[in-house]
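Student: Here you go, one structure.
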Amino acid sequence: MMNNILVIPMLLPIIVGVLLIFLRTYGRLQAWVSIASMAVTTGISFYLLYKIQTDGILRLDFGGWEPPFGILFVADSFAVLLVLTSSIVTTICLSYALISTSKELQTMYFYPTVLFLAAGVNGSFLTGDLFNLFVCFEVMLLSSYVLLTLGNSKRQLREAIKYVSINIVSSWFFLVALAYLYGSIGTLNMAHVAERVAESGQTPLLTTISIVFLVVFSLKAGLLLYFWLPGSYSSPPIVTSALFGALLTKVGIYALFRMFSLIFHHQPEITHTIIGIMAALTLIGGSLGAIAFNDIRTIAAYNVVIAVGFILVGLAIATPAAMEGAIYYLIHDMVAKALLFLLVGTMITLSGTSKMAGMSGLMKNYPLLGWSFFITMLSLAGIPPLSGFIGKVLISAAAIDSGSYGLLALALLSSIFVLYSLLRIFKNCFWGETIVSKEEQPPLRKGVLWPCLALVLLTIGIGLGTEGMAPYVTDAAETLLNPEIYIDAVLGKIQ
Amino acid sequence: MESLIIILVGVLTTVAIYLVLSKNVVRVILGTAILSHAVHLLILSMGGLKLGTVPLLGEEAGSYVDALPQALILTAIVISFAVTAFILVLAYRAYQELETDNLGAMRGSDDE
């Protein structure tokens, strides 16, 4: 099925972003235009998701070059679900930026850069070509470098140097892996690669190459190799942190799922075992980090790490239930992490410090903020009926069925650590003596809670509306576990 | 020919890793630039060197070279060019603000 509409989630943000560069001085206009364009992208993603259910996997061959010769976009339920979620989250983060960020940030190309980031993210989800995946990653990363440095505090510059260097090295590994893959099987079209790897039965050489890919995407996703993450996610302005927390690591996770379910799934006793061990270590490291710090932004950043470990447990087990659970949790986590960062950022703006010691009794003056945080906490801990619940249940059930009790124990323990780390923030910052009196309290900027409330509703909605999402998620998991569906859709039926 | 190029890639990577591991920001940036050259050579040699003539229709030749690696490298060069330009500006700005180009002095955070 050819379909030109597939390119819009990537093309529209780029075109609008380029146009906005010329409207630099009009901060509010830029905000509204970018919100509108992301809303349109959201609508189109809904349409695509619906269309996939009736027509099967969609694809767009650029320039009419039939696969495996051209570059193409492939939309299956998994990719489009993520495009949809990331578009919604970006829209909401942009509206938070409209309300809360400073004038300087708004006129220093903030909105165009966010749109380029969104284009890179959507492109990475949709592309069906490994080299194109690299290019989309770089589009996304370059935008993230710019966003990380916008705001110009000393801490940001310092963290940006580390972040950019580590990403240059990981992109280098990506190119090395691509070179070896091309050298050994002579193609970079994902479906074609998958077919040829399957024909060869995944020789040891290919497994080695898959490990290089694993290193690359682990660096991007923060799976075990997350040492760069807390510093760079806790230094930029809060909207940027929210976007990073919600989108960037998730693209790495998406790539890991795609690589190890579509292409390198013939030697699970090697690759999936390594992924399982890495996920376990990530859960341990993230949990320790989340309770070790007093800076609430750092705690939020470590919560991102825990979620990465948790989702990858699903990939390591790789049964249908585990895959569904991982997809649910991935969607939930994009929403909940954006929400967590936005709330934490609002708290920091109100109290002027990011230390827990400097905040107390916020609940009395800002009850709505407090209860939003409470719901976020429950959602991240996996309490029903919120969105985190279904993912945790499915992954845990799958872990029991496949006998991975070690992973099960760590996954459940990590939930307790998540709850503890956030409960600590809740207890210290919202309960306790109110240090600022009602008269002196800095006013909450008008409307600043609307985007947060939208995300709260979304997390409740996903939790309650799981039934409605189920067919899409089941379809996504089925395509992931049966790569031949994807390959047939791209290369045509093989007789 | 391929073996020679692969050895060259190895040498370049060694040099680059030595530079990246130093504490001076400018050396690190030079290191990343050399890293990207190394991987471009690697991609080039993966396509096979000197196997045929230019891949133009109408050239009457027995075999053509694989044109895809060149296309990949061209894209990768453009990207690494942009990234290097960005990190150079970033390093300069960081030097102005932090008054150091020593990575060892950039560790930790303000408040610890």
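Student: Could you tell me which of the residues B:ILE43, B:ILE17, B:ILE77 is at the interface with another protein chain (Cβ under 9 Å from one of its Cβ atoms), surrounded by 13 or more Cβ atoms within 10 Å (Cβ to Cβ) and not in a loop (DSSP other than H, G, I, E, B)?
Tutor: Details: B:ILE17 fails: at the interface with another protein chain (Cβ under 9 Å from one of its Cβ atoms); B:ILE77 fails: at the interface with another protein chain (Cβ under 9 Å from one of its Cβ atoms).
Of B:ILE43, B:ILE17, B:ILE77, the one residue that is at the interface with another protein chain (Cβ under 9 Å from one of its Cβ atoms), surrounded by 13 or more Cβ atoms within 10 Å (Cβ to Cβ) and not in a loop (DSSP other than H, G, I, E, B) is B:ILE43.
Student: Name the pairs whose Cβ atoms lie under 6 Å apart, with the first residue in segment A:231-247 and within 13 Å of chain B (Cβ to nearest Cβ) and part of a helix (DSSP H, G or I), the second surrounded by 24 or more Cβ atoms within 10 Å (Cβ to Cβ) and polar (S, T, N, Q), and 6 or more positions between them or separate chains?
Tutor: Going by the 6 Å Cβ cut-off, the qualifying pairs are A:TYR233/A:SER241.
Student: Follow-up question, since we're still on this one. Would you check if A:ILE166 is assigned to a helix (DSSP H, G or I) and surrounded by fewer than 18 Cβ atoms within 10 Å (Cβ to Cβ)?
Tutor: Answer is yes for this residue.
Student: Could you pull out the residue among A:SER184, A:SER100, A:SER95 that is under 20 Å from A:ILE263 (Cα atoms) and either more than 13 Å from every other protein chain (Cβ to nearest Cβ) or in contact (Cβ under 8 Å) with a residue 24 or more places away in the chain (or both)? If you could, list the steps in order and put the result at the bottom.
Tutor: Working: A:SER100 fails: under 20 Å from A:ILE263 (Cα atoms); A:SER95 fails: under 20 Å from A:ILE263 (Cα atoms).
Exactly one residue qualifies, and that residue is A:SER184.
Student: Another question, if that's okay. Being in contact with a Ser or Thr (Cβ under 8 Å, 6 or more places away or on another chain) and in contact (Cβ under 8 Å) with a residue 40 or more places away in the chain is the filter here; which residues of segment A:191-200 pass it? Working first, answer last.
Tutor: The initial filter retains those residues of segment A:191-200 that are in contact with a Ser or Thr (Cβ under 8 Å, 6 or more places away or on another chain), namely A:193, A:196.
The answer is A:VAL193, and nothing else.
Student: Sticking with this structure for a sec: Among the numbered conditions (1) over 21 Å from A:ILE209 (Cα atoms); (2) in contact (Cβ under 8 Å) with a residue 12 or more places away in the chain; (3) in a helix (DSSP H, G or I); (4) aliphatic (A, V, I, L, M), tell me where B:LEU49 comes up short.
Tutor: Here B:LEU49 meets the rest and fails (3).
Student: In the list A:SER360, A:SER387, which residue meets the criterion of being of a type in the set (S, T, N, Q) and crowded, with 20+ Cβ neighbours inside 10 Å? Outline the logic, then answer.
Tutor: Working: A:SER360 fails: crowded, with 20+ Cβ neighbours inside 10 Å.
A:SER387 is the lone residue from the list that is of a type in the set (S, T, N, Q) and crowded, with 20+ Cβ neighbours inside 10 Å.
Student: Identify all residues within segment A:1-47 that are charged (D, E, K, R) and either surrounded by 15 or more Cβ atoms within 10 Å (Cβ to Cβ) or assigned to a loop (DSSP other than H, G, I, E, B) (or both); write none if there are none. Walk me through it before giving the result.
Tutor: Step one: filter segment A:1-47 for residues charged (D, E, K, R), giving A:24, A:28.
Listed by number, the list holds a single entry, A:ARG24.
Student: Just one of A:ILE284, A:ILE275, A:ILE263 is β-branched (Val, Ile, Thr) and within 25 Å of A:TYR420 (Cβ to Cβ); which is it?
Tutor: Values: A:ILE275 fails: within 25 Å of A:TYR420 (Cβ to Cβ); A:ILE263 fails: within 25 Å of A:TYR420 (Cβ to Cβ).
Being β-branched (Val, Ile, Thr) and within 25 Å of A:TYR420 (Cβ to Cβ) holds for just one of A:ILE284, A:ILE275, A:ILE263, which is A:ILE284.
A quick yes/no check of all residues on (1) buried (at least 22 other Cβ atoms within 10 Å of the Cβ); (2) free of Cβ contacts under 8 Å to residues at least 60 places away in the same chain; (3) within 14 Å of chain B (Cβ to nearest Cβ):
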site: A:SER153; (1), (2), (3): no, no, yes
site: A:LEU175; (1), (2), (3): yes, yes, yes
site: A:TYR180; (1), (2), (3): no, yes, yes
site: A:GLN202; (1), (2), (3): no, no, no
site: A:LEU256; (1), (2), (3): yes, yes, no
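Student: Oh, and also: State yes or no: is B:SER109 outside any helix (DSSP H, G or I) and either surrounded by 14 or more Cβ atoms within 10 Å (Cβ to Cβ) or at pLDDT below 80 (or both)?
Tutor: Here the answer is yes, as B:SER109 does meet what is asked.
Student: Report, by residue number, each residue of segment A:136-151 that is touching a helix residue (DSSP H, G or I) at 6+ places or on another chain (Cβ under 6 Å), of a type outside the set (Asp, Glu) and facing chain B (nearest Cβ under 7 Å).
Tutor: Within segment A:136-151, A:TYR145, A:THR149 qualify.
Student: Taking A:TYR111, is it assigned to a helix (DSSP H, G or I), within 9 Å of chain B (Cβ to nearest Cβ) and among the hydroxyl-bearing types (Ser, Thr, Tyr)? Please lay out each step first, then the result.
Tutor: Details: assigned to a helix (DSSP H, G or I): yes; within 9 Å of chain B (Cβ to nearest Cβ): no; among the hydroxyl-bearing types (Ser, Thr, Tyr): yes.
No; evaluated as a whole, the condition is false for this residue.
Student: If only one of A:ALA411, A:ALA399, A:ALA470 is surrounded by fewer than 22 Cβ atoms within 10 Å (Cβ to Cβ), at negative phi and of a type in the set (A, V, I, L, M, F, W, C), which one is it? Walk me through it before giving the result.
Tutor: Numbers: A:ALA411 fails: surrounded by fewer than 22 Cβ atoms within 10 Å (Cβ to Cβ); A:ALA399 fails: surrounded by fewer than 22 Cβ atoms within 10 Å (Cβ to Cβ).
Of the residues listed, the single one that is surrounded by fewer than 22 Cβ atoms within 10 Å (Cβ to Cβ), at negative phi and of a type in the set (A, V, I, L, M, F, W, C) is A:ALA470.
Student: So B:GLN96 fits all but one of (1) loosely packed, with under 12 Cβ neighbours inside 10 Å; (2) more than 10 Å from every other protein chain (Cβ to nearest Cβ); (3) not charged (D, E, K, R); what number is the exception?
Tutor: (2)
Student: Can you give me the ranges of the helices (runs of 4 or more DSSP H) entirely in segment A:276-378 with at least 2 residues that are within 16 Å of the chain's Cα centre (by Cα) and within 24 Å of A:ILE238 (Cβ to Cβ)?
Tutor: On the way: elements: A:296-317, A:320-351, A:362-365.
The helices (runs of 4 or more DSSP H) meeting that bar are A:296-317, A:320-351.
For (1) among the polar types (S, T, N, Q); (2) under 12 Å from A:LEU223 (Cβ atoms), each residue gets a yes or a no:
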position: A:LEU288; (1), (2): no, no
position: A:ALA300; (1), (2): no, no
position: A:ASN303; (1), (2): yes, no
position: A:VAL308; (1), (2): no, yes
position: A:PRO320; (1), (2): no, no
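The values are calculated or read from the model by the stated rules, or taken from the named source; none is laboratory data. Note that this is a predicted model, so its numbers are computed, not measured. Cβ: placed from backbone, ideal geometry, glycine included. Neighbour counts: every protein chain shown.
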